[in-house]
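The values are calculated or read from the model by the stated rules, or taken from the named source; none is laboratory data. These numbers were taken from a predicted model, which means no experiment stands behind them. Using ideal geometry, Cβ is built from the backbone for each residue, glycine included, and neighbour counts are taken over all protein chains shown.
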Amino acid sequence: MNNLNSIILEGNLTRDPSVDKTPKGTVVCNFVIATNRFYKTEEGRQSEVGYFDVEVWSRLAETCSEYLSKGRGVRVVGRLKQDRWTNSEGEPRSRIRIVGEHVEFLGSSRRSGAGESERQGKENKVAEAENVAAHTGEKEAIPAY
């Protein structure tokens, strides 16, 4: 039996992404997205907001750090990762986050102006190409815009 660990989320960044490098120089970008869920109850329409930690690596991390900012809409396809540790009081702790393997940029956190649609299209093509390159090693797949 094969196991499946896959998730798709769509939401908006709650703050600007943070970028770091590992000791070996690999870039990692972290951001939080807020998602909305709407449902009906006897009292009427209700909403629920969820906040999810996302991390992306390598070229995709560089692209996300360049184009993403607070309020920007994103669609993230990835997998769940659980970190486990023991705190200073000896209590076991855990945290689940999303490791993004594909990020699509949606809309803009700024007002759309002339050329915004074209710029966004280029951003999405660059992010997709860099995602493919990160997984296949094909650096030629990245368009030069």
If we keep only residues of the stretch 36-57 that are of a type in the set (Val, Ile, Thr) and more than 12 Å from the chain's Cα centre (by Cα), then the residue farthest from Gly11 (Cα to Cα) is Thr41
Filter the stretch 58-97 down to the residues that are over 18 Å from the mean Cα position of the chain (by Cα) and among the small types (Gly, Ala, Ser), then identify the one that is farthest from Ile33 (Cα to Cα). Gly90
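Let's see how each residue does on (1) of a type in the set (A, V, I, L, M, F, W, C); (2) surrounded by 10 or more Cβ atoms within 10 Å (Cβ to Cβ); (3) at pLDDT 60 or above:
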position	(1), (2), (3)
Leu80	yes, yes, yes
Asn87	no, no, yes
Glu91	no, no, yes
Ile96	yes, yes, yes
His102	no, yes, yes
Glu123	no, yes, yes
Within the stretch 45-55, identify whether any single residue is in contact with a strand residue (DSSP E or B) (Cβ under 8 Å, 6 or more places away or on another chain), surrounded by 10 or more Cβ atoms within 10 Å (Cβ to Cβ) and charged (D, E, K, R), and answer yes or no. yes
Would you mind listing the strands (runs of 3 or more DSSP E) fully within the stretch 1-42 where at least 1 residues are at pLDDT 95 or above and farther than 22 Å from Ile96 by Cβ? 18-21, 27-41
Here are some conditions: (1) of a type in the set (A, V, I, L, M); (2) over 23 Å from Ile8 (Cβ atoms); (3) modelled with pLDDT of 95 or more. Ala114 meets all but one. Which one does it not meet? (3)
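Just to be sure before I move on: is Ala61 outside any strand (DSSP E or B) and modelled with pLDDT of 95 or more in the structure I sent? Spell out how you get there, then give the answer.
Values: outside any strand (DSSP E or B): yes; modelled with pLDDT of 95 or more: yes.
Yes; evaluated as a whole, the condition is true for this residue.
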